Amino acid sequence: MLTRRNLLALGGYTAAAAVLGVGEVGRRDAGPVRAARVSELPQVTPFAVPMPVPPVLRPVATDGDTDFYQLAIQRAQVEIFPGTSTEVLSYGGGAVGPTIHATVGRRTVLDVRNDLAAHSNVHLHGGHVPAAHDGHPMDLITPGGTRRYEYPNTQRGGTLWYHDHSHHSESEHVYRGLHGMYVLTDHDEAGLGLPGGAYDIPVVLRDGHFDAAATLLYDMVDPSRRNTLLANGQVQPYLPVAPRRYRLRLLNASVNRVLTLDLDGVEMVQIAADASLLPAPVVRTALTLGPAERAEIVVDFAAHGGRSVVLSDRIGPVLRFDVGVTAGTDDSRIPDQLRPLPDPLPATVLREFRLRMDGATHQGFINDQPFNTGRVDARIQRGATEIWTIANDDRGLPHTFHPHLVQFRVLDRDGVPPPPGETGLKDTIYIGPKETVRIQATFEGEPGRYPFHCHMLDHPGMMSQFEIVQ
Ligand code: C2O
Ligand code: CU
Ligand code: CU
């Protein structure tokens, strides 16, 4: 399909010009337009390298009900720009950590060794995990130390991810590469007939700021120069696909950027939001993903054989699908019904949390308080159902709100029922400037302390914790 974007790409529209030039203009918080600093970035020929798929982590042992894994947290050199080398922080050595495959009902035991000179840890985002294994910001693996995490996998299946959560350094650590996908498969999924196996592909999206030597630069206070978008650790890669249906698991692993994605007008059938299938599929041509949000989409390339389809964010192309011509068999389908919501339990407790950033000090607050690891802002009776009102008090900034441990339903946005893409169970929610969202969750889980926070990890302090009590 030849769209304006493709034509530009074919005409030698370089990645540097595309991402930096357009990006500066298209920024959500666009101030005065700056001169494009094209010379700061290594030049990239768009769509010249294939998109890697992160390796699947192999268990080192299995028994009747458990799969055992090992993972190292390490520095690594990766090739993000052809012919150059970029130092990243990594789970296992790649630009994106290996994908962990888990099955509902089988435990995952993950032994992690920290080879960094800094404290680090692992949090399973979207996981229903006891506090002792949650990767709390104060529960860290010391340099040279090891730690065992146990994940019960007793929740519904879905696309989870794992990332660093070390107090004060989670933003930089996640930005520098400490993130990977965790795909939890439910037994009822096989009956749905969705595309699977080689046609089920994780796509980890994130932004970054690089200098001419391909060094990844981090500046918490000014994320506006992170105008290079990566798909599974590559700049503008291509992915050869067959003319058939694919299931794509999209994750926005950026620590600040909200992605607004489209596929050249081709339909993206959204089947899941965060770690949960939707009650029914939703046909979309645009998709917004705040930091830490996931969406699963099914794309049918059957009508596009021999052409290319480009996934783009508002700041530029991200990934090109090159559709082959030989049709194989495709017995996948998208059923009308996916996974119904559980019946809601009556809520007995209402709480309100107001999010705010102080622009001058770059300090975040929840209910006017910065994060204090010793303070608990919500004591929750184990099993209680609560409604939380989350208000974004900022005029110019969005936030993404995320409580650990639970999945929630979205009751409304500014009093209006959520759009169909938010009708499943979610664990992270985008909240626009001055917007108020109400969510409802049932807090089953082990007693202990769990964080809740803004997942724009560049908003330090916008974090608190709740405690499950018996
Ligand atoms: Cu993605 Cu506190 O988590
Ligand atoms: Cu989390
Ligand atoms: Cu925030």
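The numbers here are math on the coordinates, done by the rules we state, and not lab data. Quick caveat: nothing in here was measured; it's all calculated off a predicted structure. Neighbour counts are summed over all protein chains in view; Cβ atoms, including those assigned to glycine, are modelled from backbone coordinates with ideal geometry.
Can you say what percent of the DSSP beta bridges in region 49-116, counting only those with both residues inside, are antiparallel? Round to 5. Could you put the intermediate results ahead of the total?
Details: 8 of 17 bridges.
Of all bridge pairs located within region 49-116, approximately 45 percent are antiparallel.
For region 329-383 and region 216-242, what is the centre-to-centre distance using only Cα atoms, to the nearest Å?
27
Viscosity 1.002 mPa s, temperature 20 °C: what is the translational diffusion coefficient of the chain from Stokes-Einstein with a Kirkwood Rh over Cα pairs, rounded to a whole number of µm²/s? Don't jump to the answer; show the numbers that get you there.
Numbers: Rh = 22.5 Å.
It comes out at roughly 95 µm²/s.
Taking θ = phi - 60°, what integer Hz values does the Karplus form 6.51 cos²θ - 1.76 cosθ + 1.60 yield along region 161-175, in sequence order, with x for Gly and Pro?
Result, rounded to whole Hz: 8, 10, 7, 5, 9, 6, 3, 6, 10, 4, 5, 5, 5, 5, 4.
How high is the FRET efficiency between Thr389 and Ala286 when r is their beta carbon distance and R₀ equals 30 Å, given to the nearest 0.05?
Values: r = 27 Å, r/R0 = 0.92.
Calculated transfer efficiency: 0.65.
Rounded to the nearest whole Å³, what is the per residue volume of the convex hull around the Cα atoms of region 104-248?
On the way: hull volume 20.5 nm³, N = 145.
Per residue, the Cα convex hull of region 104-248 comes to 141 Å³.
Normalised by the residues of region 68-196, what does the relative contact order come to in percent, with Cα pairs under 8 Å and at least six apart? Walk me through the intermediate numbers first.
On the way: 297 pairs, mean separation 37.5, N = 129.
About 29 percent, as a whole number.
When a/c reaches 1.5 or more, the comparison of a/b and b/c decides; with that in mind, is region 350-470 rounded, prolate or oblate per its Cα gyration tensor? It would help to have the intermediate numbers written out before the result.
Numbers: a/c = 2.05, a/b = 1.11, b/c = 1.85.
Oblate is the answer for region 350-470, as a/c is 1.5 or above yet b/c matches or exceeds a/b.
Could you please report the charge total around Gly415, scoring K, R as +1 and D, E as -1 over all other residues with beta-carbon less than 12 angstrom from its beta-carbon? Before the final figure, lay out the partial values.
Working: positive: Arg413, Arg438; negative: Asp412, Asp414, Glu435.
Taking every Cβ under 12 Å from that of Gly415, the sum is -1.
Using a ≥ b ≥ c from the Cα gyration tensor of region 72-188 (square roots of the eigenvalues), is it rounded, prolate or oblate, where a/c under 1.5 gives rounded and otherwise the larger of a/b and b/c decides, a/b for prolate? Display every interim value, and only then the final one.
Working: a/c = 2.24, a/b = 1.40, b/c = 1.60.
Cα axes put region 72-188 in the oblate bin.
For the chain, what proportion of DSSP beta bridges, expressed in % and rounded to the nearest 5, is antiparallel? Display every interim value, and only then the final one.
Details: 91 of 126 bridges.
Given both bridge residues lie in the chain, the antiparallel proportion sits at roughly 70 percent.
Toward the positive end of the charge dipole of the chain, about the Cα centre and with charges on Cβ (Lys, Arg +1; Asp, Glu -1), which of Ala231, Pro419, Ala131 goes farthest?
Checked the options; the winner is Ala231.
Please say if region 215-320 is rounded, prolate or oblate, where rounded means a/c under 1.5 for a ≥ b ≥ c the square roots of the C-alpha gyration tensor eigenvalues, and otherwise the choice is prolate for a/b larger than b/c and oblate otherwise?
Values: a/c = 2.33, a/b = 1.43, b/c = 1.63.
Cα axes put region 215-320 in the oblate bin.
Quick check: net charge around Asp377, other residues with Cβ under 13 Å of its Cβ, Lys/Arg +1 and Asp/Glu -1?
Numbers: positive: Arg351, Arg354, Arg375, Arg379, Arg449; negative: Glu352, Asp368, Glu386, Glu467.
Summing Lys and Arg as +1 and Asp and Glu as -1 gives +1.
Once the piece of chain linking Arg307 and Leu350 is laid out straight, how much longer is it, given 0.36 nm per residue of separation minus the C-alpha distance between them? The partial results should precede the final answer.
Numbers: separation 43, 0.36 × 43 = 15.48 nm, distance 5.22 nm.
So the chain would gain 10.3 nm between Arg307 and Leu350.
With runs of 4+ DSSP H residues as the only contributors, calculate the mean residue ellipticity of the chain at 222 nm using -39,500 (n - 2.57) per run, divided by the residue total and rounded to the nearest 500. Please list the in-between numbers first.
Working: 3 runs with 17 residues, N = 470.
So the calculated ellipticity at 222 nm is -1000 deg cm²/dmol.
May I ask you to compute the full-extension gain from Thr146 to Asn367, defined as 0.36 nm times their residue separation minus their alpha-carbon distance, rounded to one decimal in nm? Intermediate values should be presented prior to the final figure.
Values: separation 221, 0.36 × 221 = 79.56 nm, distance 3.59 nm.
That pair, Thr146 and Asn367, stretches by 76.0 nm at full extension.
I'd like the distance between the alpha-carbon centres of region 401-464 and region 189-212, rounded to an integer number of Å.
For region 401-464 versus region 189-212, the Cα centre distance is 23 Å.
Choose one of Val88, Thr45, Tyr218: the residue whose Cα lies farthest towards the positive end of the charge dipole of the chain (beta-carbon charges +1 Lys, Arg; -1 Asp, Glu; about the Cα centre).
Of Val88, Thr45, Tyr218, it is Thr45.
I want to make sure I understand the PRE zone here: with the label point 7 angstrom from the Cα of Gln70 toward its beta carbon, which residues in region 138-180 have backbone N atoms less than 19 Å away?
141-151
If you plug each phi of region 395-412 into the Karplus form 6.51 cos²θ - 1.76 cosθ + 1.60 with θ = phi - 60°, what whole-Hz ³J(HN,Hα) values come out, in order, with x for Gly and Pro?
For region 395-412, the Karplus-derived couplings read 7, x, 10, x, 9, 10, 9, 9, x, 6, 6, 10, 10, 10, 9, 8, 7, 6 Hz, x marking Gly and Pro.
Work out, step by step, the length gained on full extension between Ala48 and Asp188: first 0.36 nm times the residue separation, then minus their alpha carbon distance; give nm to one decimal. Each step should come with its number before you reach the end.
Working: separation 140, 0.36 × 140 = 50.40 nm, distance 3.90 nm.
Value of the extension gain: 46.5 nm.
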